Amino acid sequence: MKPDAGKAALETPPAAGSAAVVLLSGGLDSATAAAWAIRAGYRLAALSLDYGQRHRCELESAREVAAALGITDHVILPVDLAAFGGSALVDRAVTVPKGRSKQAIGEGIPITYVPARNTVFLALAMAMAETRNADALVIGVNAIDYSGYPDCRPEFITAFAQMAKVATKAGVEGRPLEILAPLATLTKTEIIRLGLELGLDYGLTTSCYDPDASGRPCGACDSCLLRAAGFAAAGAHDPRLARFT
């Protein structure tokens, strides 16, 4: 599947026994991408990154999502991006923007962008994929209802796929990894509808950039606002909120 195909469907189903590594953050998008890959026929392993993020509850969400989807090969890898700083998601001295309009969210690159995060994460997933003899990487990036991060765009996925062909043993031997980004050009509403169709329990996922110690979402950061708008447009209640009422 081309990462910019715009539909969460494979042009050609994977061969029987095909394996993939999914980047599983514990968020709504990565969980949906994982459920999609399972339906498509992939045997999944999952990689989650403990990168010094302020919203640590996402790692527990990643564990819960992996367990719910039956993913037993789940690696949580420490990579301290907080040592570099440069983002509100890894530096508690930097304030997470809140209460922004949809127009403001879609303009520019906000302080919640973690420099080169998806490049680093995909590179680590690529290394894991080689050790698992995997055929593909799955990532839940989205470039429609999102915060403007450059490493969530289809152009980035296409460029990374080209790099992977020359950067790995599998690639130079003629077995390049596919980089699957099934949600890249879906709206948040379309992503949520897809997940509900797949039977995904969104109550297990977390999206908030600044939750409290219990994991309760703030309801005002960009990610909370995009999530709330997506559920509202899909005509569905967000089961994550029910965990804190």
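No value in this document is a laboratory result; all are computed from the given coordinates. For clarity, every value in this text was computed on a predicted model and none was experimentally measured. Cβ atoms come from the backbone with ideal geometry, glycine included; neighbour counts cover every protein chain shown.
Observations
- Within the chain, percent of DSSP bridges classed antiparallel, to nearest 5: 5 percent
- In this structure, the amide hydrogen of V22, modeled 1.01 Å from its nitrogen in the peptide plane, lies closer than 5 angstrom to those of A45, A46, L47, V138, counting only residues at least 5 positions away or on a different chain.
- In order along region 187-202, the phi-based Karplus estimate (6.51 cos²θ - 1.76 cosθ + 1.60, θ = phi - 60°) of 3J(HN,Hα) comes to 6, 4, 5, 5, 5, 5, 4, 4, x, 5, 4, 7, x, 6, 8, 6 Hz; Gly and Pro are listed as x.
- Per-residue ellipticity at 222 nm, computed for the chain from helices alone with -39500 (n - 2.57) per DSSP H run of at least four residues, works out to -10500 deg cm²/dmol.
- Net charge over other residues, Cβ less than 12 angstrom from the Cβ of R132 (K, R count +1; D, E count -1): -2
- From the Kirkwood radius over Cα pairs of the chain, Stokes-Einstein at 25 °C and 0.890 mPa s returns a whole-number translational diffusion coefficient of 136 µm²/s.
- Within region 123-229: Cβ-based charge dipole about Cα centre, in debye rounded to nearest 20 (Lys, Arg +1; Asp, Glu -1): 140 debye
- Projecting the Cα atoms of L44, A143, L177 onto the charge dipole of the chain, computed from C-beta unit charges around the Cα centre, puts A143 farthest toward the positive end.
- Shown here for region 149-225: chymotrypsin sites (Phe, Trp or Tyr not before Pro) in loop regions (DSSP other than H, G, I, E, B) with at most 11 other Cβ atoms within 10 Å, of which there are none.
- Rounded to the nearest whole Hz, the Karplus-based 3J(HN,Hα) values (6.51 cos²θ - 1.76 cosθ + 1.60, θ = phi - 60°) of region 100-110 follow the sequence 7, 6, 4, 5, 5, 4, x, 10, x, 10, x, with x at glycine and proline.
- Packing, as the average of other Cβ atoms within 10 Å across residues, places the peptides 111-122, 161-172 in the order 111-122, 161-172, highest first.
- Dipole of region 19-237 computed with +1 at Lys/Arg Cβ and -1 at Asp/Glu Cβ about the Cα centre; of L24, T158, L225, farthest Cα towards the positive end is L225.
- Computed from backbone phi, the HN-Hα couplings of region 236-245 come to 10, 8, 7, x, 4, 5, 5, 6, 10, 10 Hz, rounded to whole numbers (Karplus: 6.51 cos²θ - 1.76 cosθ + 1.60, θ = phi - 60°; Gly and Pro given as x).
- For the pair R175 and S214, label points projected 7 Å from Cα toward Cβ lie 4.9 nm apart.
- Under 5 Å from the amide H of E178 lie the amide H atoms of A136, L137, each residue being 5 or more positions distant or on a separate chain, with H modelled from the backbone and absent for Pro and chain starts.
- Counting only Cβ charges, +1 for Lys and Arg and -1 for Asp and Glu, the dipole size of region 98-154 around its Cα centre is about 280 debye.
- Contour minus Cα-Cα distance for I76 and D91 (0.36 nm per residue): 3.3 nm
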